[in-house]
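A short write-up of the structure that comes next.
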Amino acid sequence: MKFRADYQLQKAVLLYIISFFDLKDEKDELLKTFKQLDIDHDGQLTEEELLAGYTQIPGQTADAEKEVKRIFTTLDVNRTGYIDFTEFLLATVNHKKLLSNDRLAQVFKMFDKDGSGTISNQEIKEFFSMQDSNLGFINELIDEVDSNGDGEISYQEFKEMMS
């Protein structure tokens, strides 16, 4: 319920970290919870399964449908109508542990291929293997977090976005 990702790039970076960094112990524990919620055991959570789990939490019956719809919309990043395990991890993994300063610096350097200290639209395009036709969208991602308006994302802007 506490999960919030205000920026699309933030969600993408979180999903990248979850997918490619070793979080075995935490993933194993969260997989148990995911499987408990996944009533039909198809590896995906429907809105109904999430609602069934949500209403089992003491004191969470009032406006449960509205809250589950909000949670579902936030977590269904790829808009499939289901929440897969990676999307579930996005909301449930320990973000403080996930977003340590060392890990953030490492991910920033992975984006910043030319070592300039900023992330350009070209570097985002290459990192996510996007086409030139996506440059408008990529520029929107940058504009969301580019507080100084220089058209690139500095390490400070990156850290602020991720916090």
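What follows is calculated from the coordinates using simple rules that are stated; it is not laboratory data. Everything quoted here is computed from the prediction, not taken from an experiment. Here the Cβ is made from the backbone with ideal geometry for all residues, glycine too, and neighbour counts use every protein chain on show.
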When the scattering of the chain is computed by the Debye formula from its Cα atoms alone, each counted once and equally, what is log10 I(q)/I(0) at q = 0.09, 0.16, 0.17, 0.18 Å⁻¹?
-0.35, -0.97, -1.05, -1.13
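Which value, in Å to one decimal place, does the Kirkwood hydrodynamic radius take for the range 98-162 when every pair of different Cα atoms is included?
Working: mean 1/r = 0.0836 Å⁻¹.
Mean inverse Cα-Cα distance, inverted, gives 12.0 Å.
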Can you compute the FRET efficiency between GLU144 and ILE57 using 1/(1 + (r/R0)^6), with r the Cβ-Cβ distance and R0 = 41 Å? Round to the nearest 0.05.
0.80
Order of ILE83, ILE124, ILE57 from fewest to most other C-beta atoms within 10 Å?
ILE57, ILE124, ILE83
